Each structure stands twice: as structure tokens, then as C-alpha cells.
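Below is one structure, written out as C-alpha cells; the observations come after it.
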Amino acid sequence: MKNKIATLLLGTALTLATASMALALDKNVKIGSLSDQSGLYADLGGPGSTLAAQMAAEDSGLMGKGWKIDIISGDHQNKPDIGTSIARQWFDVDKVDVIVDVPNSGVALAVNNVVKEKNGVYINSGAATSDLTNAQCSPNTVHWTYDTYMLAHSTGQALVKAGGDTWFFLTADYAFGAALERDTTAVITANGGKVVGGVKHPLNTADFSSFLLQAQASKAKVIGLANAGGDTTNSIKQAAEFGITKSGQKVAALLLFITDVKAIGLETAQGLNFTETFYWDTNDATRAFSKKFAERMKNGAPPTMVQAGVYAGLMHYFKALDALGGNPHDGIKVVDQMKSMPTDDPLFGKGLIQPNGRTIHDAYLYEVKKPAESKAPWDFYKLVGKVTGDQAFTPLDKSTCALLKK
């Protein structure tokens, strides 16, 4: 009897030890790149974000340490219901561990809830709403590249201080546009300016003529574009056709990407001021990465700041997995590890992740070059100023994130 009990105990111990070892050695991770693959945000994220994720996996060094990294992609079509459906499928069936990119703030906020429910990891580099690290913050989410607070407190503030003290907004009618208008309005009024009017437009609008005529009639010094991607390029092109900028009103592209400048053309875009946290021609490290990236893109384009954010965010995620040694499936544990380590990558430099999930790094105020100033393809920006990370993003004492109350 004693021998049978001893044998049973030994067998149980071996089973537990084997299970424990399997758990400790679990080095399989799956990444879902969820983006707009075919619509107005496809150029700033889309296939380029999936490529950035692949490059991060290759550069992480984890595969040489026995890790298996799989990457899949999905198209949310700028619809929250489709985005959440894909996210649930990925967690429940495909066993995805981390979702990246997700431009479109409406989709991003909806996916944020799914990731929290499934205890996954969410590294958002595509959406702008500052609510991701404020009212709707999550212990599973890291917001990497930029947000509406940063855009408002850099581009918006610079324009008000330069004399643009009356504003009229053209705002995309969904979560992103509302957040950007809200955050910029706060900056305008805090600096003695005034919002004299505004109009909301549907996402992916082709004809801005009626909206621009209202903006022109307002006599506001600044027409603030609280939109992005194709909506921004259409707004700027049509504003030029109406002669609005020549009449003295300034068009403020509150969110502008290098792919937008390419689509608009330097002749029309020249002189626009805007803020980004990444530009391919910043230094030797950004140029080296961007060259490798462009060589693998069908259109030869360098990375946007969204795509750069996918790469940098995942590189930090992989460092956290390496530090943990395995078992990437507990999202909160992985994100806590990410927050405990300072960020340091070749694209954004040194920084940190705040307890609310906001990544802190420097931002840069740029101006679009005149055609004669551009010396090479994609040579579009000249640096106007720099905003340090501690000044660019929401201070913790002003954050409404519930995680900060713990």
C-alpha cells in the first residue's frame, strides 16, 4: 500500500513538474495587426503596419532564443463592430496574444474593451484619442505614438501663440474628431483664443465645399482640421482650390502624416505646420530603418509615425517577454513588465510608459518644405521646434485614468 501511495505521489509530482516546465518554457506568441487595410487610413497604417510588426519580430532576437512568433493581419474597415468581431475571433479561436496598430479612435476604444475582457495586450499606435489613457484607460493597454492632447498642445498651441486666436473647426464626426476638437479647444481658450464655429463631416468625405464655405464665411483666422488621412488631404486640396489660404485664413492640419503630404503635393502643402513624433530623416538610426522598410514596401514609401510606432512598441514588448522568460499569455503581467522598463529604441529614443499606459517620448513641430527646398523623394519636412515628452503628453496629475487611484 505504501509503495502504491509513493508511486502515486511521485507520478503526481512528475506531472506537476512537467506542467510547470511547459508553462515556464511557453515561448509561442501571436500578434494581430488590426488596421484599415483598404480605406482612407490604409496608407498611414495598413500593410505597412503589418510589415513593421514583421520587422520587429525579426529584429527582436527572440527567435534565436527559441521563441516562435506568428503575425496575422485584419481589416476593421473603420467599423467598431467589425473591429471587435475580429478581436474576439483572434483571442477565442486564433489565440492571439497582442493586438497592434488600430487606427480610427471609435474602433480603437471598442477593441480596448475586448482586449481587457480577454486579458490580452493592446499596443495602439494608430488611434489618436487621449481617452485611451484617460477615461477609458486599461491595465492591458499601451498607447504608443501620439494622441489628441499632444496634437493640441503642440500644433494648436503654437498657432494660437503665433496670432491665430480665432478658430473654426472642420471635424470628422466620430470619436477621434470629437476628442481632437475638445482638446484643441481647451488649449485655444487657455491661451486667450476663441472658437467662433465649427461643422462636423462624415468619415471619408469626398466633397468639402459646403463645409469650407462655412469656414470661410466665419472669418476665423484659423480653420482647424480635426480629421485625418484622406479627409485631411481632401480638405487641404479643396481649400487651396477655393483660394482660402491666399485670402489670409490659415488651414491647420492638426494631424498630418507623410503619406498625406505626398498625396497633397508640396506645391499645395508647403508651409503647413503640424506635429509628429517620428520622421524618417531625423538621424542615422531612423534613416537606416526607413531605408530597409521602404525597400520592402511596394510603393517604396518610408514609414509613417503610426508604422514606426508598431515597430517600436513591439520591440519593447519583446524586451518584456525576454525579461519574463516565457508565458506571454497573461496580458496584465506583460504590460506591467513593459511599464517597469524604460523605453529605448532607434525610432523614438529614450522614454517611459506611465502607469496609465501612455508612452512618453519627444514630439517635433514641423513645416512642409517648399518644392524648391526638397532635394530627394520624401524630403518633405523642416524642423521648427521640439516638445519634450514630459511637456507633450497629459501630465499624470491631470489624467482621469482610474488606474492612478490605486
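The values are calculated or read from the model by the stated rules, or taken from the named source; none is laboratory data. As the structure is a computational prediction, the values presented were derived from the model and not from experiment. Note: ideal-geometry Cβ built from the backbone for every residue, glycine included; neighbour counts use all protein chains shown. The protein model used for the area step is the full one, side chains on, heavy atoms only, and it has no ligands, DNA or RNA in it. Shrake-Rupley method; radii C 1.70, N 1.55, O 1.52, S 1.80 Å.
Of all aspartates and glutamates in the structure, those lying under 14 Å Cα to Cα from residue 350, and not within fewer than 8 positions of it along the same chain, are 362, 390. Of the residues 186, 52, 226, the one that moves most in a GNM of the chain with alpha-carbon contacts below 10 Å is 186. Split the accessible area of the chain by element, probe 1.4 Å, and carbon with sulfur accounts for 55%. Cross-link check: pairs 200/237; 291/382; 30/386 evaluated at a Cα-Cα cut-off of 30 Å; pairs beyond the cut-off: 30/386.
Close amide H contacts of residue 96 (hydrogens built in the peptide plane, cut-off under 5 Å, sequence separation of 5 or more or a different chain): 91.
Between residue 391 and residue 77, the simple label model (points 7 Å from Cα in the Cβ direction) yields a spacing of 4.5 nm. Ligands, DNA and RNA aside, residue 383 has an accessible area near 110 Å² when probed at 1.4 Å. Just to confirm, what accessible area per residue do you get for the chain at 1.4 Å probe, in whole Å²? Each residue of the chain exposes 41 Å² on average to a 1.4 Å probe. With the biggest extent put first, the Cα atoms of the chain measure 98, 44, 35 Å across the principal axes. Angle, helix 284-296 long axis vs. longest principal axis of the chain, Cα atoms, 0 to 90°, nearest 10? Tilt relative to the chain: about 80 degrees.
Once backbone amide H atoms are built at 1.01 Å from N, residue 37 has 76, 77 as its partners under 5 Å, excluding neighbours fewer than 5 places away on the same chain. Computed from backbone phi, the HN-Hα couplings of segment 311-325 come to 4, 5, x, 5, 4, 6, 4, 5, 5, 5, 4, 4, 5, 6, x Hz, rounded to whole numbers (Karplus: 6.51 cos²θ - 1.76 cosθ + 1.60, θ = phi - 60°; Gly and Pro given as x). Only Lys, Arg, Asp and Glu carry charge here, each on its Cβ (+1 for the first two, -1 for the last two); on that basis segment 340-388 has a dipole of about 160 debye about its Cα centre. With the cut-off at under 16 Å, measuring from each backbone N in segment 138-176 to a point 7 Å along the Cα-to-Cβ line of residue 241 picks out no residue. Build a GNM of the chain with springs between Cα atoms under 10 Å apart, and of 198, 300, 163 the one that fluctuates most is 163.
In this Cβ point-charge picture (+1 for Lys and Arg, -1 for Asp and Glu), the chain has a dipole of about 540 debye about its Cα centre. Between residue 68 and residue 162, the modelled label-to-label distance comes to 5.4 nm, taking each label 7 Å out from Cα in the direction of the beta carbon. Ellipsoid semi-axes for segment 359-405, based on the Cα gyration tensor and the rule √(5λ), read 35, 9, 7 Å when sorted largest first. Candidate cross-link partners of residue 95 among the aspartates and glutamates, defined by an alpha-carbon separation under 19 Å and a same-chain spacing of 8 or more, comprise 26, 70, 75, 117, 330.
Dividing the Cα radius of gyration of segment 75-117 by its Kirkwood radius returns 0.92 for Rg/Rh.
Calculated [222 nm] ellipticity per residue, helices only, for the chain: -12500 deg cm²/dmol; basis is -39500 (n - 2.57) per DSSP H run with n ≥ 4, divided by all residues, nearest 500.
Descending by average beta-carbon neighbour count within 10 Å, the peptides 124-135, 278-289, 248-259 line up as 124-135, 248-259, 278-289, the highest first. Over the Cα atoms of segment 135-292, the radius of gyration divided by the Kirkwood radius equals 0.98; this is the Rg/Rh ratio.
For segment 211-356, the alpha carbon positions stretch 61, 35, 24 Å along the principal axes, listed from largest to smallest.
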